[in-house]
1. Is there a residue in the stretch 61-78 that is more than 20 Å from F112 (Cβ to Cβ) and outside any helix (DSSP H, G or I)?
2. Going by the conditions given, is G350 crowded, with 21+ Cβ neighbours inside 10 Å and either farther than 22 Å from L376 by Cβ or touching a Cys at 6+ places or on another chain (Cβ under 6 Å) (or both)?
3. Out of (1) surrounded by fewer than 20 Cβ atoms within 10 Å (Cβ to Cβ); (2) outside any loop (DSSP other than H, G, I, E, B), the odd one out for P505 is which?
4. Is there a residue in the stretch 458-466 that is within 12 Å of L431 (Cα to Cα), touching a residue at least 24 places away in the same chain (Cβ under 8 Å) and out of contact with any Leu (no Cβ under 6 Å at 6 or more places or on another chain)?
5. Output the residues belonging to the stretch 392-408 that are surrounded by fewer than 20 Cβ atoms within 10 Å (Cβ to Cβ) and either under 25 Å from the mean Cα position of the chain (by Cα) or outside any helix (DSSP H, G or I) (or both).
6. Within the stretch 291-317, track down each residue that is farther than 19 Å from I263 by Cα, of a type in the set (A, V, I, L, M, F, W, C) and buried (at least 16 other Cβ atoms within 10 Å of the Cβ).
7. Could you say whether any residue in the stretch 518-528 is surrounded by 14 or more Cβ atoms within 10 Å (Cβ to Cβ), farther than 29 Å from E468 by Cβ and in contact with a Phe, Trp or Tyr (Cβ under 7 Å, 6 or more places away or on another chain)?
8. Tell me whether the stretch 239-262 contains one or more residues that are over 17 Å from L182 (Cβ atoms) and in contact with a His (Cβ under 7 Å, 6 or more places away or on another chain).
Amino acid sequence: MQTELYTILFFFMLTVALAYPFGRYIARVYAGERSWLDPVFDPLERFFYRLSGVDAKREMRWQEHMKVMLTINAVWFLWAMFVLTNQGWLPWNPDGNPSMTPGLAFHTAISFVVNCNLQHYSGEAGATYFSQIFALMFLQFVSAGTGMAAGAVVFNAMRQRTTLQLGNFYAYFVKSCTRILLPLSFLAAIVLAAEGVPMNLGGGKDQAPGPEGDTVEVSRGPVAGFVAIKQAGTNGGGYYGANSTHPLENPTILTNMLENFLILIIPMAFVFALGFYLKKKRLAFMIFGVMSAGFLLLLAPALIAEMRGNPHLGQMGISQAAGNMEGKELRLGAGLSALWSISTTATSNGSVNAMHDSFMPLGGAMQLLDMMINSLFGGVGVGFLNFYIFIILATFIGGLMVGRTPELLGKKVEAREMKIAMLVALLHPFLILVGTALAAWMAASGAPVAATWLNNPGAHGFSEMLYEFTSASANNGSGFEGLADNNPFWNISTGLALILSRFLPIVGPVAIAGLLAAKQTVPGSAGTLRSDSATFGALVFCIILIIAALAFLPALALGPIAEHFSF
C-alpha cells in the first residue's frame with residue numbers, strides 16, 4: 001500500500017514537472033512563434049487553406065469565432081450520423097457489424113462531436129474499422145482541437161489592450177491539432193503498440209489461447225492510435241466496450257501510467273501556457289494551485305476508501321490486503337484505479353481502468369463531485385474556460401467586498417458579463433438535477449419505459465442515474481454501468497444535455513472575454529484586487545466549493561452519501 005502511494009505521488013510530481021515546459025511550448029504555438037514542427041506542417045497547412053479558401057491570417061471578432069466553431073461542428077455531426085447509420089455497408093467491416101439505429105447514432109455522433117464520448121454501445125461490436133477511424137477517431141482530434149482553439153481565443157482576449165480582433169479560429173484550431181495533439185498522440189501510439197496494444201487492419205478477429213487450452217476470439221484493429229488520441233484529447237471513448245480495463249487497450253503498468261499521464265498533461269500544461277502567453281506566471285500559478293488543491297482533496301478520500309476495502313467483507317473475515325478489488329484489474333490494483341478515476345473525472349476524459357459502479361460509495365461520490373465542479377483541470381481548452389467563469393464570479397464578489405467596481409486584468413467586470421457568467425454557472429446544475437429528477441420520477445412511478453433501467457434499487461440506483469446526467473453535462477463520458485442506458489430516453493435526453501453543456505459553456509466565456517477585450521484598460525491602484533494573489537485564489541476556491549455544495553449536496557445526500565452511511 002505504501003509503495004502505491006509513493007508511486008502516485010511520484011507520478012503527480014513528474015506530470016507537473018513536464019507540464020510546465022509543455023505549457024511554454026503551447027504558448028509559443030498560439031503566439032505564432034516559430035516551433036520545431038513548422039517545417040513539417042507549414043506547407044501542409046498552406047495547402048489545406050488554399051484548397052478550402054480559408055484566410056488563416058484574417059482577424060476575427062469573438063462572434064465570428066463562435067459562428068465558425070458552431071458551423072464546423074454541425075458539419076462534423078452530419079458526417080458522423082451518415083457514417084454510423086450506414087457503416088453496415090461501408091468498407092472496412094470485416095466482422096460484419098450492423099449499422100447503428102438512428103437513436104444510437106444520434107447519441108454517439110453528438111457525444112463524440114462534443115468531446116464527451118459517452119458510449120451506449122460496445123466499440124468492437126458496435127462500430128467498424130471505417131467508423132472507428134473516419135468518424136470516431138477523426139472526431140476525437142477535431143473536438144479536442146475545437147476546445148483548445150476556444151481557449152486560445154480567451155488567452156488572446158485576456159491580454160491587457162483594447163481590441164475587437166482576437167486572432168483566427170481556423171489557425172488556432174489547425175495548430176492545436178497539428179502542433180500539439182498529433183505529435184503527442186503519435187509518440188504515445190508508438191509506445192502503446194510496442195507494449196502490445198493492437199495496431200493493424202488485418203482482420204477483426206484473431207485466435208488466442210484460452211485459460212484451459214481452448215481458444216477465444218479477440219478483436220483487433222487500429223487500437224493504439226485510437227487510444228492515444230482518446231487520452232491526449234481528453235475524449236475517453238473506448239475502442240473496446242470495456243475501455244481501458246480491457247487488456248488490449250491497457251495491457252501493462254507502463255501503458256496504464258502513460259495513459260493516465262496523457263489524460264492530465266495537456267489540461268495541466270494549458271494553465272501554464274496562459275501564464276507564458278500573458279507573461280503573468282503568478283496568475284497561472286494561482287490557477288494551478290487552486291486546481292491542484294481541489295484535485296488532491298478529492299483524490300485522498302477516494303484512495304482511502306478503495307485501499308481500505310469493503311467493511312462488509314471485513315466483517316465476514318475476508319482478507320482485503322489489496323483493498324476493494326471488485327470491478328478492478330489485478331494487474332493495476334485499487335490505488336492506481338482510484339488515481340485514474342479522479343484524473344479522468346477531473347479532466348472530462350471519461351475513460352476507465354476499473355468499473356466506477358463498483359467503487360465504494362465514498363469513491364463514487366468523489367467522482368461525481370469532480371464532474372459537478374467541472375473546472376479542476378477539465379477537458380483540453382474548455383477546462384480553463386469553466387474555471388474562467390469562476391474567476392469572473394470571484395472578481396465580481398471580491399470587488400463588492402472591497403467597495404470597488406470589479407476589475408479583471410485592468411478591465412471592468414459589469415452587469416452584462418455577470419449575467420453571462422451566471423447563466424453558464426447555473427446551466428450545469430440545471431441539466432444534471434432536472435434530468436436526474438425526471439429519470440428518478442419515471443423509475444419511481446413505474447413507467448413501462450423505465451422498467452429495465454435499474455438493476456440496483458435504492459440509493460445506488462439513484463446514484464447511477466445521477467452519474468449518467470452528471471457525466472453528460474460535464475462532457476465526461478464515463479458511467480455507472482449498472483444502468484441500462486441504450487434506449488430512446490437515455491440516448492435522446494443525454495444527447496440534448498451533451499449539446500447544451502458543450503457549446504453554451506464555450507460561447508459564454510468567449511463572449512465575456514471578447515466583451516472585456518473591447519473595453520478600455522483601467523490603471524491599477526492600491527485598492528485593486530490582484531487576481532494573481534493567494535488571497536484571490538482562496539476566494540475562487542471557496543466560491544467553487546459554495547456553488548458545488550449549494551447545488552449538489554442534496555442530490556449527493558440521496559445517492560452516494562446515503563449509501564456510504566448504510567455500510
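The values are calculated or read from the model by the stated rules, or taken from the named source; none is laboratory data. All values reported here derive from a predicted model rather than from experimental measurement. Heads up, the Cβs are rebuilt from the backbone with ideal geometry, glycines too, and the neighbour counts pull from every protein chain shown.
1. Yes - at least one qualifying residue is present in the stretch 61-78.
2. Details: crowded, with 21+ Cβ neighbours inside 10 Å: yes; either farther than 22 Å from L376 by Cβ or touching a Cys at 6+ places or on another chain (Cβ under 6 Å) (or both): no.
For G350, the condition - crowded, with 21+ Cβ neighbours inside 10 Å and either farther than 22 Å from L376 by Cβ or touching a Cys at 6+ places or on another chain (Cβ under 6 Å) (or both) - is not met.
3. Only one criterion in (1) surrounded by fewer than 20 Cβ atoms within 10 Å (Cβ to Cβ); (2) outside any loop (DSSP other than H, G, I, E, B) is unmet by P505, namely (1).
4. Looking only at the stretch 458-466, we keep the residues that are within 12 Å of L431 (Cα to Cα), and these are 466.
Then keep just the ones that are touching a residue at least 24 places away in the same chain (Cβ under 8 Å); that gives 466.
Filter once more, keeping what is out of contact with any Leu (no Cβ under 6 Å at 6 or more places or on another chain): 466.
Checking the stretch 458-466: at least one residue is within 12 Å of L431 (Cα to Cα), touching a residue at least 24 places away in the same chain (Cβ under 8 Å) and out of contact with any Leu (no Cβ under 6 Å at 6 or more places or on another chain).
5. The initial filter retains those residues of the stretch 392-408 that are surrounded by fewer than 20 Cβ atoms within 10 Å (Cβ to Cβ), namely 397, 399-405.
V402, G403, R404, T405 - these are the residues of the stretch 392-408 that are surrounded by fewer than 20 Cβ atoms within 10 Å (Cβ to Cβ) and either under 25 Å from the mean Cα position of the chain (by Cα) or outside any helix (DSSP H, G or I) (or both).
6. A305, M307
7. Among the residues of the stretch 518-528, not one is surrounded by 14 or more Cβ atoms within 10 Å (Cβ to Cβ), farther than 29 Å from E468 by Cβ and in contact with a Phe, Trp or Tyr (Cβ under 7 Å, 6 or more places away or on another chain), which makes the answer no.
8. yes
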